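This report refers to the structure that appears directly beneath it.
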Amino acid sequence: MAPAIELTGITKRFPGVVANDDVNLTVEAGEIHAICGENGAGKSTLMKILYGMQPPDEGTMAVDGQRVRFSSPSDAIEAGVGMVHQHFMLADNLTVLENVILGAEPRNWRGIDFKAARQHLSEVGEAYGLDVDPDDLVESLEVGERQRVEIIKVLYRGARILILDEPTAVLVPQEVEELFRNMRELKASGATILFIDHKLDEVLEIADSITVLRQGRTVATVKPEDVTAGDLAELMVGSELPTPDITDSTVTDAVALDVAELVVHDADERAVVDRVDLRIHKGEIVGIAGVEGNGQSELIDAIIGTQPVASGTISLLGADVTHASVRNRREAGIGYVPQDRHHEGLLLEAPLWENAMLGHQTQAPYAKGAFVDRRGAQGQTEQIRTEFDVRTPNVHVAAHALSGGNQQKLILGREMMAEPSVLIAAHPTRGIDVGAQAAVWDSIRAARAKGLATLLISADLDELIGLSDTIIVMLRGKLVATLDPAAVTPRDLGAYMTGAALEPAGQEVAADG
Amino acid sequence: MAKSLGRRVMLALAAPVLAVAFAVAMSSIVLALSGSSPITAYIDMFDHARKLETMIDIGNRFTPLYISGVAAAIGFRMNLFNIGVEGQYLLATLFAAAAGGAVNLPPVLHIGLILIVAMTVGAAYSGVAGVLKVTRGVNEVISTIMLNVIAISGLVAWLVREWQAGGGVNASGGNAGVGTEPIPESGLMPNLNGFVEIFTREIKQGKKLTGVLVIALLVGIGYHVLVNRTRFGFDLRASGMNPFAAQAGGVPPKRMVVTAMVLSGAAAGLVGMSTLMDQGRYSPNFVRGLGFAGIGVTLLGRNHPVGIAIGALLFAFLDVSAGILQISGSASREIVVIMQGIILIAAVVAYEVVNRFRQREEAKDAAAALQSVPPAGIEVSA
């Protein structure tokens with residue numbers, strides 16, 4: 001039987017970088033094939049080529065033994081290749097059925113033929129063992145269920161080869177298990193799955209074959225039974241994976257940030273942060289665990305000052321800053337690494353030295369009175385560049401020219417150079433490569449030793465457990481559990497994050513998924 | 001370094017040069033189609049522009065266009081589209097004219113009063129749009145367009161009658177003579193003819209180079225220093241580039257919106273000064289359209305103080321050339337408007353193309369720098 005997908009000599013160049021360099025990949029029909037590699041290894045580019053979003057510069061593709069050339073995703077779907085993106089593309093206010101048929105509506109003389117659609121959907125669901133209620137509103141679904149809708153959407157369009165782009169990134173461990181169960185059923189029903197992941201234990205658990213990419217090249221294709229996680233990591237990065245362990249405690253008695261009875265409302269006057277009490281001492285890292293959307297962003301925004309506080313107080317080093325402006329808080333020593341560096345962290349068109357100023361533009365060495373101290377700012381940026389290893393030709397380059405990891409190092413550098421007393425770090429290593437990740441951890445740890453109080457929010461549970469002195473679980477706006485990172489596993493954390501470990505019915509929820 | 005500087009200058013010039021070249025080519029086609037000789041028309045335009053008196057005209061046209069361009073640019077720098085320069089300058093000029101005509105002060109004070117009234121009225125009127133935006137979320141494009149109508153067809157039309165000199169319509173009934181109380185000599189800025197004549201010959205045909213040109217240049221320098229050298233300017237540009245990052249960086253978004261609109265309006269208030277100082281009063285047929293022209297000028301100049309100057313100079317040259325084309329009969333004067341339009345459209349396209357090219361080059365450079373250091377990755381930081 002011909003392989004489901006065969007890529008030969010795929011090369012894709014972008015200005016200044018070769019994203020894919022002579023990539024060869026063979027995916028057998030009916031297998032689950034994982035693509036591993038650190039950020040920037042070329043995984044996403046390869047998937048985009050496979051799904052017809054970008055044409056390769058060189059090389060050939062074959063699906064089921066037929067040579068193909070995709071010029072758009074619809075060509076790919078035509079050939080039976082479907083993709084589930086990392087970020088869901090669903091309309092919240094439509095039902096599951098409506099979402100599934102969107103853009104591929106069966107028609108009758110009156111318009112959309114919902115009866116036929118429903119029929120087809122239930123056939124697909126049965127054939128692949130995927131269970132969804134077609135009449136549920138998408139906004140009422142959990143993340144894992146939404147993902148299932150995305151998968152069904154692709155299957156509904158006739159795809160037999162599924163590409164899943166980091167499907168586990170948004171899921172808690174229990175949901176991951178459910179996804180894996182679904183993937184096995186899909187496989188049993190004859191589908192072929194190609195998925196991207198960089199969590200090695202997951203890859204080893206689910207995949208039949210693993211292809212590792214490094215710097216745009218295929219390094220090796222291995223069977224999971226022949227390798228350990230350590231072997232895979234070595235293939236991915238060429239050396240041992242760093243871990244974010246902290247050594248001995250540096251926690252002091254002095255409270256740096258004190259949040260008391262904090263309530264933050266959303267636009268509908270609902271409490272998205274609900275009576276939160278939080279204390280961070282000098283030299284302490286407090287990690288907040290929680291599924292995204294449980295009030296973490298609003299908590300951060302309230303502490304930074306970009307979101308108004310409904311009630312409660314926030315004190316910084318004993319001074320009440322509940323109603324202080326963002327600028328006053330930053331001048332008083334709050335550093336901020338935002339969760340989305342492009343959205344909140346950088347001026348992409350501005351040179352690096354102006355980016356280094358941002359958030360500190362009122363203080364030396366960036367300012368002299370009412371004027372910008374250009375020389376001081378550029379000198380400071382040079383220093384950030386060397387100390388934080390920001391790879392750039394010079395400090396006059398626009399921020400968009402840097403890779404994600406270097407942008408993140410610049411942001412961390414500018415915050416650390418200002419020697420804050422409290423650092424709010426939201427997903428500080430999201431979407432950056434392993435090398436930059438280790439650098440970020442190192443500098444947070446070094447600052448902790450010097451007495452920095454850090455509020456860490458992360459979706460990477462290993463990062464949370466490895467860095468934090470205390471882990472607090474946030475669920476539906478409340479802080480529901482305080483855990484000792486030394487005594488907790490990612491699995492336990494996941495149970496707390498979904499609420500399964502908190503309620504008597506939790507056992508059942510976890511078992512059912 | 002020298003090479004990269006050369007490349008930067010070339011890239012900066014590429015877009016406007018391309019745009020103008022394209023506009024000339026297109027206009028030539030239009031001229032040829034309409035039966036005129038493009039070459040004759042261009043020769044007429046340039047011959048005319050080489051005369052000192054024409055240059056004075058260009059300078060007089062440049063002055064308000066440049067101030068108007070800067071006024072629009074202050075807003076554009078933080079993505080605020082102040083379309084209201086038109087209404088702001090007409091209202092401001094009327095108030096300044098009324099104030100200037102009502103008092104008799106020593107020269108410097110009198111001129112200062114007129115300028116301050118103009119800036120204050122422009123700032124206040126523009127500030128209305130800013131306040132509406134931050135308190136009620138009204139888009140400034142819509143509010144400034146509406147405020148233009150209120151100012152021009154409403155306030156100005158009414159007040160110019162109220163404040164009419166001599167308390168009634170002229171005996172002749174025409175509009176030409178009507179207007180506010182004439183400003184005494186002490187309130188009018190002296191012209192620059194004496195200064196220019198030091199370097200050239202005597203200026204004939206009664207042409208006078210407006211003294212407000214000096215103010216225009218000061219506005220340009222002030223704009224450059226404010227935007228590129230001060231903390232406020234950094235906050236302004238940061239808000240324009242990424243309002244969310246600016247806010248997280250401590251820039252108060254609402255205050256910035258109001259301040260930018262107020263500053264933009266203050267500059268707008270000065271747009272009508274050169275004409276006012278020349279005519280000595282505000283009359284119902286006071287020059288219109290300078291506010292809208294300024295938007296085009298700043299678009300061409302990419303909000304850059306020198307770029308706006310080049311744009312204003314080019315548009316002033318074209319405006320003044322319209323007259324000679326009509327007189328010499330080598331082409332219709334409307335060709336000038338066509339050219340201005342084509343230049344603008346071409347400039348917008350050309351800037352985008354050049355910008356993409358520049359971004360690609362920068363990414364390439366940064367990637368190259370990355371590769372010159374040992375391979376991206378692990379060893380370095382572990």
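Quick notes on this structure:
- Screening the candidates B:Leu299, B:Leu290, B:Leu276 for the property of being open to solvent by 50 Å² or more (accessible area, probe 1.4 Å), in contact (Cβ under 8 Å) with a residue 40 or more places away in the chain and away from every other protein chain (no Cβ under 14 Å) yields one hit, B:Leu299.
- Residue check for B:Tyr223: away from chain A (no Cβ under 14 Å), touching a strand residue (DSSP E or B) at 6+ places or on another chain (Cβ under 8 Å) and at pLDDT 90 or above: no
- Residue list for segment A:341-359, filter: open to solvent by less than 10 Å² (accessible area, probe 1.4 Å) and either free of Cβ contacts under 8 Å to residues at least 12 places away in the same chain or at the interface with chain B (Cβ under 8 Å from one of its Cβ atoms) (or both): A:Gly345, A:Leu346, A:Leu347, A:Ala350, A:Met357, A:Leu358, A:Gly359
- Restricting B:Gly69, B:Gly137, B:Gly101, B:Gly75 to residues that are at pLDDT below 95 and within 16 Å of B:Val271 (Cβ to Cβ) narrows the list to B:Gly75.
- Segment A:279-290, subset touching an Asp or Glu at 6+ places or on another chain (Cβ under 9 Å) and crowded, with 21+ Cβ neighbours inside 10 Å, residue nearest to A:Val473 (Cα to Cα): A:Gly287
- Scanning segment B:309-346 for residues that are part of a helix (DSSP H, G or I), closer than 15 Å to B:Ser37 by Cα and among the small types (Gly, Ala, Ser) yields a single hit, B:Ser328.
- Yes/no for A:Glu284 being more than 20 Å from the chain's Cα centre (by Cα) and assigned by TED's automatic domain parsing to the domain that holds A:Tyr336: yes
- A:Pro338, sole failed condition from (1) within 11 Å of chain B (Cβ to nearest Cβ); (2) in contact with a helix residue (DSSP H, G or I) (Cβ under 7 Å, 6 or more places away or on another chain); (3) closer than 21 Å to B:Arg255 by Cβ: (3)
- Selected residue (only one of B:Phe95, B:Phe22, B:Phe76 is in the same structural domain as B:Lys133 (by TED's automatic domain parsing), in contact (Cβ under 8 Å) with a residue 24 or more places away in the chain and open to solvent by 40 Å² or more (accessible area, probe 1.4 Å)): B:Phe95
- Each residue in segment A:427-442 was checked for being more than 10 Å from chain B (Cβ to nearest Cβ) and crowded, with 22+ Cβ neighbours inside 10 Å, and 3 of them qualify.
- Single residue of segment B:251-265 satisfying the filter (under 22 Å from A:Gln307 (Cα atoms) and more than 14 Å from chain A (Cβ to nearest Cβ)) that is most open to solvent (accessible area, probe 1.4 Å): B:Val258
- Any hit, segment A:406-419, residues being among the small types (Gly, Ala, Ser), out of contact with any helix residue (DSSP H, G or I) (no Cβ under 8 Å at 6 or more places or on another chain) and away from chain B (no Cβ under 13 Å): no
- Per-region count, segment A:393-405, residues at the interface with chain B (Cβ under 7 Å from one of its Cβ atoms), within 24 Å of A:Trp441 (Cα to Cα) and at pLDDT 85 or above: 1
- Here the condition is being within 14 Å of another protein chain (Cβ to nearest Cβ) and among the β-branched types (Val, Ile, Thr); of A:Val18, A:Val27, it holds for A:Val18 alone.
- Residue within segment A:307-314 that is under 19 Å from B:Arg231 (Cα atoms) and either more than 9 Å from every other protein chain (Cβ to nearest Cβ) or in contact (Cβ under 8 Å) with a residue 40 or more places away in the chain (or both) present: no
- The selection criterion, being within 20 Å of the chain's Cα centre (by Cα), in the same structural domain as A:Gly305 (by TED's automatic domain parsing), farther than 16 Å from A:Pro338 by Cα and among the small types (Gly, Ala, Ser), holds for A:Ser468.
- Filter pass, A:Val132 being within 28 Å of A:Arg181 (Cα to Cα), hydrophobic (A, V, I, L, M, F, W, C), open to solvent by less than 60 Å² (accessible area, probe 1.4 Å) and touching a residue at least 60 places away in the same chain (Cβ under 8 Å): no
The values are calculated or read from the model by the stated rules, or taken from the named source; none is laboratory data. Keep in mind it's a predicted model, so treat the numbers as computed, not measured. Glycine also receives a Cβ, built like all others from the backbone with ideal geometry; neighbour counts cover every protein chain displayed. For accessibility, only protein heavy atoms count, side chains too; no ligands or nucleic acids. Shrake-Rupley method; radii C 1.70, N 1.55, O 1.52, S 1.80 Å.
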